[in-house]
Every structure is written in structure tokens, then in C-alpha cells.
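The values are calculated or read from the model by the stated rules, or taken from the named source; none is laboratory data. All of these numbers come straight from a predicted model, not from anything done at the bench. So basically every Cβ, Gly included, is an ideal-geometry build from the backbone, and we count neighbours across all protein chains shown.
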Amino acid sequence: MRVDYIIVGQGLCGTFLSWNLLKAGKSVLVIDAPQPFTATKVASGIINPVTGRRIVRTWMIEDLLPFAIDAYTQLGQQINTTLVEESSILDFHPTPQMQQAFAERLPQEPTYLHLPDKEEDASWQHFFRYNYGIGKIQPALILHLQAMLANWRLYLQQHQLLLEETFNHGELVFNTAAEEVQYKDFSAAKIICCDGVAGFNLPWFNKLPYVRTKGEAIIADIPGLPRTQLYKQGITIVPWKDGLFWIGSNYVWDYEDVLPTVAFRKKVEEQLNYWLRIPYTITDHLAAERPANIERRPFVGLHPHQPLLGILNGMGTKGCSLAPFFAHELTQHLLHQLPINPLADVQRFKRVLADR
Ligand SMILES: Cc1cc2nc3c(=O)[nH]c(=O)nc-3n(C[C@H](O)[C@H](O)[C@H](O)COP(=O)(O)OP(=O)(O)OC[C@H]3O[C@@H](n4cnc5c(N)ncnc54)[C@H](O)[C@@H]3O)c2cc1C
């Protein structure tokens, strides 16, 4: 069977790339082995326009945020699912210093930073214990990633575009003379790797400056807590699927396995016991690795020395905003040779990737 593109992986990257290519009239085969704890399955699914203790704008957010609203809305319409909700993050200042830092940034960042009025600030005392006021980050997005993965998978299955098995790179043949790749019974003009942390081991891309970052999340039932907001005080509470809340996360660079830890659960419980004034029940505890990298910029485009092979990976902590945008940019590059942002284009690693 012949298709235009083989895509390995159906996380955020593979979903948006396959959707873009199909929308452009191309044929695809997505190869994805079902796994319970991938980055996209464990993620909270938020786009926060600011970051860090200095509360600065995240990279390219002015472009990424409106693009994401549009992309998730359109994909959602195709699979009859609401995938995106505009929301705000209530930032409960944990110390007077953090309150001061927010107040200082407020006039410099009026697009995203706001102060709730006194009445709204006080109204959250019923749910939370806090002494130093609340800042508001708005707009922020809540994305329903679980529904997106499940329903896009169903779409691919219904159109016979999904191969549910583990991709074995040893069986891929680059037929340079015919300008195509062959994989088992399939051939394609190109193959694009959207395989998250598993892709770190691929011989073609394993020299990229990847970093694995483990992250955990507690899933809890918090009856009565409004589902219209995100709540942050060190940890973040996010409305999640099935009426539950996602609570996390941590960033761990040194670990022996990708299992949930007792230490993280204990830390979250201690924090919730102090912060929340209403009862909660923990229902689950998840962990996964983020496909991050040293530069904090994604890997997008065609292999500098093998044009039959491409990549969309390295989304790190920001896959929700980066994946839709760069899946579109990669599609435009594949179809019309339009340039990829040089800070994201994997061509910047031409020398590093020269050996293979
Ligand atoms: C705890 C946590 C919280 C997060 N919260 C957020 C957040 O709020 N906002 C945000 O923007 N980002 C967040 N992230 C980061 C985000 O999840 C990632 O950037 C994003 O999901 C990466 O998507 P991906 O498609 O590259 O990888 P993945 O989601 O890992 O998808 C890769 C897919 O490829 C498949 N695959 C891999 N190898 C093979 C193979 N050989 N054969 C077949 N299939 C294969 C896997 O099964 C998987 O389905 C979070 C991550 C974690 C861990």
C-alpha cells in the first residue's frame, strides 16, 4: 500500500501532523502502539502565557495562543468534541515576596496579568486558605487532550489510517533511487517521526540534545470546586476528564524509573491539606516523561542528510502550544517548501547529525 506520509506516533505531534496533512489532501498512515502513560496522556493540557518566577511571556506566545485556539477548535469540530476552553489561572501568592513580584510585573504585562477585584479575591476564601492575595493570568487555555487523542484515533481507525503496533526502525528501508521509504507492506514519499521520548533512541536522531524530564500528577475528586478556573500555588489544579481534577506537577531529571513516587504523592497531599478548605479524594496517580531538550526549542523538519525522513519532537513542557503551530509549519514546508522557523528547524543540527 502506498501513502504520501508515514507518521510514527499519535501524541500531540502525530495527531496535529496527521490532521494537517489530511486537511491538505495528502494520504497518511499513522503507526502508534497503544501505551497507557505517554506525555500527552498524562499532561494537564494547559497553555499558560507566562512562565517562571519572573512571570515573563513564554516563547512566541503572541502567535501560538491564537493559533492554538483556532487549531483545537477546528480539529474539535471535525471529531465532534470540544477540545479548547478559554480560562484564567488564579495565582495564589504563597509569600509576600511573590505578591510583590506579581504587583511589579502587572503594569509591564497588561495583556496577560490582571488583579481580581477585592470581592472576587475574597470569594475564593471559601475554597482555599491564602494570605497574600491572588493574581490572575488571562487568557489561559484548557485543552481536553484525552478526548482529542481518543477521538482522533477513532477517526484514523474508521478511515483505515492507523497501524496499531510498535514501529521497528530496523525494518525501514530508504529507497533513495525511487525517492520513497518502505516499511513492511507500505511505501511512502516520506516518514515523519513524532514518537516523543521513544524517538530519543532512533539511530537517525539520537545525537540531538534531548533531555528526559519526568513529571507526575495526582488525579482527585474535589466536589464543589468550580471547573471554570485553573488554581496555582506551587502546584496547579486543573479541571480534568470525568469531572475530576489534575494536580501537579514536578520536574525530575534524575530517576531510575517512570513510576509514580510516594514522595510526590506525600508532597501534594501536604500542600492540599494546607491550601484546600474543602474535602478531596485522590483517585489516581500518574507519571510520564516529557520529550524535552537542552535548548527548549522543538525539533521540526527534514533530516539534514536524509530528506526522506522528518521529525516533529522535542516539545518539552509546551507541547500543547508548540505542536499545533509547528505541525502546521512542517506541513507547509513539506507541501510548499515554505521555511520553518530557524530556531525550531532541525537543519540547525546539520553538523551534529552528519555521522549517519
Ligand atoms: C506531567 C506532565 C504534565 C504536562 N503538562 C503540560 C501542559 O499542561 N501543557 C503543555 O503544553 N505540555 C504539557 N506537558 C508536555 C506535553 O505533554 C508534551 O510536550 C507533549 O505531550 C509531547 O507530545 P508528543 O506527541 O511529542 O509525545 P507523546 O505524547 O509521548 O506521543 C508519542 C506517541 O508515539 C508513540 N510511539 C513512540 N514510539 C513508538 C513506536 N516505536 N511505535 C509506535 N508508536 C510509538 C507513543 O505510544 C505515543 O503515543 C506535560 C507533560 C507531563 C509529563
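On the basis of being out of contact with any Asp or Glu (no Cβ under 8 Å at 6 or more places or on another chain), near the ligand (Cβ under 9 Å from one of its atoms), without any contact (Cβ under 8 Å) to a residue 60 or more places away in the chain and outside any strand (DSSP E or B), does Gln74 make the cut? Give the steps one after another, and end with the answer.
Numbers: out of contact with any Asp or Glu (no Cβ under 8 Å at 6 or more places or on another chain): yes; near the ligand (Cβ under 9 Å from one of its atoms): no; without any contact (Cβ under 8 Å) to a residue 60 or more places away in the chain: yes; outside any strand (DSSP E or B): yes.
The answer is no for Gln74.
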Problem set entry | Extreme residue, nearest to Trp240 (Cα to Cα), among residues of region 268-284 that are touching a strand residue (DSSP E or B) at 6+ places or on another chain (Cβ under 6 Å), surrounded by 15 or more Cβ atoms within 10 Å (Cβ to Cβ) and not hydrophobic (A, V, I, L, M, F, W, C) | Tyr280
Exercise. Which condition number does Glu165 fail, the rest of (1) buried (at least 16 other Cβ atoms within 10 Å of the Cβ); (2) in contact (Cβ under 8 Å) with a residue 60 or more places away in the chain; (3) within 29 Å of the chain's Cα centre (by Cα) being met?
Worked result: (1)
Problem set entry | Filter result for the condition that a residue is out of contact with any His (no Cβ under 8 Å at 6 or more places or on another chain) and within 15 Å of the ligand (Cβ to nearest atom), over Glu256, Glu270, Glu295 | Glu295
Exercise. Name the residues in region 245-260 that are farther than 28 Å from Gln229 by Cβ and of a type outside the set (A, V, I, L, M, F, W, C), would you?
Worked result: Asp254, Tyr255, Glu256, Asp257
For this session: Return the pairs, sorted by first residue and then second, in which the second residue is crowded, with 16+ Cβ neighbours inside 10 Å and assigned to a loop (DSSP other than H, G, I, E, B), the first residue lies in region 249-268 and is in the same structural domain as Leu230 (by TED's automatic domain parsing), the beta carbons are less than 7 Å apart, and the residues are 6+ apart or on different chains.
Result: Phe264/Asn250
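Restricted to region 176-199, and to residues that are of a type in the set (A, V, I, L, M, F, W, C) and near the ligand (Cβ under 10 Å from one of its atoms), which residue is surrounded by the fewest Cβ atoms within 10 Å (Cβ to Cβ)? Break it down into steps so the answer makes sense when it comes.
Here is the first cut: in region 176-199, the ones of a type in the set (A, V, I, L, M, F, W, C) are 177-178, 181, 186, 188-189, 191-194, 197-198.
Right, trim to near the ligand (Cβ under 10 Å from one of its atoms) and you get 193-194, 197-198.
Details: Cys193: 25, Cys194: 29, Val197: 21, Ala198: 18.
The extreme case among them is Ala198.
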Seminar exercise, completed: Considering residues that are within 9 Å of the ligand (Cβ to nearest atom), of a type in the set (D, E, K, R) and surrounded by fewer than 24 Cβ atoms within 10 Å (Cβ to Cβ), the number found within region 3-48 is 1
For this session: Being free of Cβ contacts under 8 Å to residues at least 12 places away in the same chain, hydroxyl-bearing (Ser, Thr, Tyr) and more than 28 Å from Asn273 (Cβ to Cβ) is the filter here, so list the residues in region 112-138 that pass it.
Result: none
Exercise. Any residue at all in region 63-76 that is under 19 Å from Leu225 (Cβ atoms) and among the small types (Gly, Ala, Ser)?
Worked result: no
For this session: Confirm whether Lys214 is touching a strand residue (DSSP E or B) at 6+ places or on another chain (Cβ under 6 Å) and within 13 Å of the ligand (Cβ to nearest atom).
Result: yes
For this session: May I ask you to verify whether Leu154 is part of a strand (DSSP E or B) and within 16 Å of the ligand (Cβ to nearest atom)?
Result: no
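Take Gly170 and decide whether it is assigned to a helix (DSSP H, G or I), in contact with a Phe, Trp or Tyr (Cβ under 7 Å, 6 or more places away or on another chain) and either outside the structural domain of Gly248 (by TED's automatic domain parsing) or at pLDDT 95 or above (or both). Please lay out each step first, then the result.
Details: assigned to a helix (DSSP H, G or I): yes; in contact with a Phe, Trp or Tyr (Cβ under 7 Å, 6 or more places away or on another chain): no; either outside the structural domain of Gly248 (by TED's automatic domain parsing) or at pLDDT 95 or above (or both): yes.
No: the conditions fail for Gly170.
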For this session: State all residues of region 226-243 that are away from the ligand (no atom under 13 Å from the Cβ) and buried (at least 18 other Cβ atoms within 10 Å of the Cβ); if no residue qualifies, say none.
Result: Gln229, Tyr231, Gln233
